[in-house]
1. Write out, first by first residue and then by second, each pair whose Cβ atoms fall under 7 Å of each other, whose residues are 6+ apart or on separate chains, and whose first residue, in the range 43-66, is farther than 12 Å from THR2 by Cβ while the second is among the β-branched types (Val, Ile, Thr) and open to solvent by less than 30 Å² (accessible area, probe 1.4 Å).
2. Quickly run through the range 112-147 and pick out the residues that are open to solvent by 80 Å² or more (accessible area, probe 1.4 Å) and modelled with pLDDT of 95 or more.
3. Does PHE153 satisfy the condition of being at pLDDT 90 or above and either part of a helix (DSSP H, G or I) or open to solvent by less than 50 Å² (accessible area, probe 1.4 Å) (or both)?
4. Do you know which residues across the range 31-55 are open to solvent by less than 30 Å² (accessible area, probe 1.4 Å) and not small (Gly, Ala, Ser)?
Amino acid sequence: MTRAEFITRLRRGLSGLPATTIADIVADHEAHFADAQAAGRPEAEVAAALGDPGRLARELRAEAGLKQWEEKKTPSNAMAAIIALIGLGAIDVMFLLPLLMGVLATLFGFLVAVVTIFFVGGFIFAAGPLTMPPGGPVTAFLSGIGLMATATFIGSLLTLVTVGVFNAVVWYARLHFRLLKPAMEQA
């Protein structure tokens, strides 16, 4: 995404805010692009680092609504802050929550499969040599060890993926906490 596309989408997402607020926010982001350009970074890299301009605009609108409420506690400012936060939360509930539930269900399914493979491997390892399978007892013994090793390997990969998902959720939650922290400190 180019600088112009990013700024255009950001402006479109910020529409409805006071013109001075929009100008300040756009100037801040223009400064990010200018600083990065001076450092030799391409526009696409800066735009990717700043994130989705639509999402950024929703967060900035929510933050602006909270600031208006903090400065002047009127019913209209309270309603604006509530609507902005609900709009931000609606994206979470409608899009991200089902996505997260799908990822967690998949991880749980892999966990069940890994545990099952490990126990099947243990059973083959322990009981296989006694049942005289084709290939002899050594084949059953080695097959059991192989299944348990495979389950252990997949389990370790599953652990890494789970830690990554958890870190991503914590990062995302911190974005929301950054918005709500000033309001919670005043309460």
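The values are calculated or read from the model by the stated rules, or taken from the named source; none is laboratory data. Just so it is clear, the model here is predicted, and its values are computed rather than measured. Because the Cβ atoms are built from the backbone with ideal geometry, glycine has one as well, and the counts that use them run over all protein chains shown. In case anyone asks, the SASA skips ligands and DNA or RNA and just uses the protein heavy atoms, side chains included. Shrake-Rupley method; radii C 1.70, N 1.55, O 1.52, S 1.80 Å.
1. Pairs that qualify, where the first residue is farther than 12 Å from THR2 by Cβ and the partner is among the β-branched types (Val, Ile, Thr) and open to solvent by less than 30 Å² (accessible area, probe 1.4 Å), are LEU60/ILE25.
2. Of everything in the range 112-147, those that are open to solvent by 80 Å² or more (accessible area, probe 1.4 Å) and modelled with pLDDT of 95 or more turn out to be PHE118, PHE119.
3. So PHE153 fits the description; yes.
4. Those that are open to solvent by less than 30 Å² (accessible area, probe 1.4 Å) and not small (Gly, Ala, Ser): PHE33, VAL46, PRO53.
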